[in-house]
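The values are calculated or read from the model by the stated rules, or taken from the named source; none is laboratory data. Quick caveat: nothing in here was measured; it's all calculated off a predicted structure. For neighbour counting, all protein chains shown are included, and Cβ atoms are generated from backbone atoms with ideal geometry for every residue, glycine included. What goes into the accessible areas is simple: the full protein's heavy atoms, side chains included, and nothing from ligands, DNA or RNA. Shrake-Rupley method; radii C 1.70, N 1.55, O 1.52, S 1.80 Å.
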Amino acid sequence: MAETLRRVLSRCSAVETGEADAAEAGPPLLLLGPPGSGKTTLLFAAALEAAGEGRGPILFLTRRPLQNLPRGVAGTLDPLRLQKIRFQYPPSTRELLRLLCSAHEATGPVPSLVLLDSLEEYLAEDPGCQEVAYLAALLLDTAAYFGHRAGPSRHCGLLVALQTREEADSGETLQRALLQRYFPAPCWLQADAAGPGEHSFRVCLEPGGPGPRAEWGVTFHPDGEMTITPWPPQTREPSLHKSSISRGSALSCRGQPLSASVSPGWNTSLSGTDAAPRPKE
């Protein structure tokens, strides 16, 4: 999934990496950034990029419809790509869980990419560690199930956007640390100096595996146009507000240890016709 986003950023900045493999989805990616940093725009750009790869449709999960199509994103006006993006609008955490759990009942072409926007809105309803772990594991299981249905050597990517705050409380910090155990490939967006009426952000993409870290500058202009440029190499050692935790560390929430009943890890696999777990009642 990191490679799909890398292609989006590199193509928009007129820099091609030549390392992409459209058949390989890669580990699930967590897109983190403050409000208004362009997370939804980058999700939509990744959806358009994947839609042009000639594979299955794209499943885009969000609470509300997009008000405007992002400008400056390649493929925005391509009707064939837009038709491959299937939007679903689960209004609550419970409905999101039901939708994910019913994935095995869906008919038709299997999605090649699942995107979830504004994860923080769903986590606000059930902020406990067990609930966060359950939702993260269910997202991974759903993507793995789609990949299994697609056939040998086929995968389903997963990209989730999470809003962060400069002054996050302990609960939000713990949620983010827990999510990073399930999403080993983070992409951070940090506010940067901008001109009048503009909003600029620094993008730092960690591949979550072999390969170098990559950085870009993203600017949103007053007319809504988005431009992307490579970040100057001499300044690449950011002090981004990362929160990480080792896989062997013990987590606790509200004084209760986090159960190990759900095993984190991105390479979840399902066999036969197994479906994702049912939601808790």
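Applying the selection to the range 23-40, what residues are under 18 Å from Leu189 (Cβ atoms), open to solvent by 20 Å² or more (accessible area, probe 1.4 Å) and over 12 Å from the mean Cα position of the chain (by Cα)?
Hits for the range 23-40 are Pro34, Pro35, Gly36.
Just checking, which of Leu140, Leu66 is in contact with a Pro (Cβ under 9 Å, 6 or more places away or on another chain), surrounded by 14 or more Cβ atoms within 10 Å (Cβ to Cβ) and under 30 Å from Gly171 (Cα atoms)?
None of the others qualify; the one that does is Leu140.
Could you tell me which residue of the range 165-201 is surrounded by the fewest Cβ atoms within 10 Å (Cβ to Cβ), considering only residues that are farther than 24 Å from Ala143 by Cα and within 17 Å of the chain's Cα centre (by Cα)?
Gln190
Could you please let me know if Arg81 is modelled with pLDDT of 85 or more, closer than 25 Å to Thr219 by Cβ and open to solvent by 50 Å² or more (accessible area, probe 1.4 Å)? Full working, then the answer.
Values: modelled with pLDDT of 85 or more: yes; closer than 25 Å to Thr219 by Cβ: yes; open to solvent by 50 Å² or more (accessible area, probe 1.4 Å): yes.
So Arg81 passes the test.
For residues in the range 213-229 being without any contact (Cβ under 8 Å) to a residue 40 or more places away in the chain and not in a strand (DSSP E or B), which is nearest to Ala45 (Cα to Cα)?
The extreme case among them is His221.
Only one of these is in contact with a helix residue (DSSP H, G or I) (Cβ under 8 Å, 6 or more places away or on another chain), within 15 Å of Ala45 (Cα to Cα) and of a type in the set (Gly, Ala, Ser): Gly157, Gly56. Name it.
Of the residues listed, the single one that is in contact with a helix residue (DSSP H, G or I) (Cβ under 8 Å, 6 or more places away or on another chain), within 15 Å of Ala45 (Cα to Cα) and of a type in the set (Gly, Ala, Ser) is Gly157.
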